[in-house]
Amino acid sequence: MGRNSYSFDKEMFGFLIEEFRHQFKISTSFSDYEKIRGIINEETEEQELDRIARTKLHIKGGKVEGKLSADTIKRAFGIINPKKNGDPQSLKFHVTTCNIIARRLKYRGWDEFCEKANQNYDLTKGFKTIDMYEFSNLIVDRNICIGWYPHKYCMLKYLGDYSFEVVESYNLRSPLKRIFRTIGFRHGKIESKCVYPNIIIEPFHDDSDFDLIEMGIIPQEYLL
């Protein structure tokens, strides 16, 4: 196996843990520790102890065969502090730990995660959209993509007169064949670099809900 190009980076590691939490629906409570352990080590604590007893294998630092120790898992996911009376900002892990967690998210390893994170986590830059000033360039019955393809997006057919029909939807709220009118699209508030926000259907300025949306109050019908 080749040497890692990316060393440990605290911000990137934070993205990795946040993506893990989001994908596997993990909370920050101690009660989710066994769930995390089962996903990462692919065995329960009882199974690990049984395996060690059967093989009589001495494990230096609690790590073996691509698995993480209980202490490492708890520190990585904030279940315990990095060290006694330590500063959480001093958190640091070996790249091997990063590799193991990244592979559970179907990346080839820490390097691939970092490469894709650098590309994908600028959600504002990656957002594909169109506003009313560009509508005149659209061709009736032709499709356009709104969102972050292929992660969260809608494929829309332009019907003319500011109207669109949903022909494909992924990780968004709009059902197929939904028809609506709009002057454009924008993404909602970005709460996390690892979680794509909602996409808002911009109302016409004389729409009664326009002021609400400007204040950040988004009625359900204005979510794509």
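The values are calculated or read from the model by the stated rules, or taken from the named source; none is laboratory data. Worth saying up front: this structure is predicted, and the values here are computed from it rather than measured. Here the Cβ is made from the backbone with ideal geometry for all residues, glycine too, and neighbour counts use every protein chain on show.
A few notes on this one:
- Test: residue in the stretch 15-22 that is modelled with pLDDT under 85 and either loosely packed, with under 12 Cβ neighbours inside 10 Å or of a type in the set (Gly, Ala, Ser) (or both): no
- When residues in the stretch 143-156 are screened for being without any contact (Cβ under 8 Å) to a residue 24 or more places away in the chain and over 11 Å from residue 167 (Cα atoms), 2 of them pass.
- Of all positions in the stretch 68-81, none carries a residue that is of a type in the set (Asp, Glu), more than 28 Å from residue 151 (Cα to Cα), assigned to a helix (DSSP H, G or I) and at pLDDT below 75.
- Verdict on residue 26 being at pLDDT below 85 and among the hydrophobic types (A, V, I, L, M, F, W, C): yes
- Count - residues of the stretch 124-142 that are loosely packed, with under 15 Cβ neighbours inside 10 Å, closer than 18 Å to residue 166 by Cβ and touching a residue at least 24 places away in the same chain (Cβ under 8 Å): 1
- Only listed residue being more than 29 Å from residue 11 (Cβ to Cβ), crowded, with 17+ Cβ neighbours inside 10 Å, among the acidic types (Asp, Glu) and not assigned by TED's automatic domain parsing to the domain that holds residue 24, chosen from 168, 202: 202
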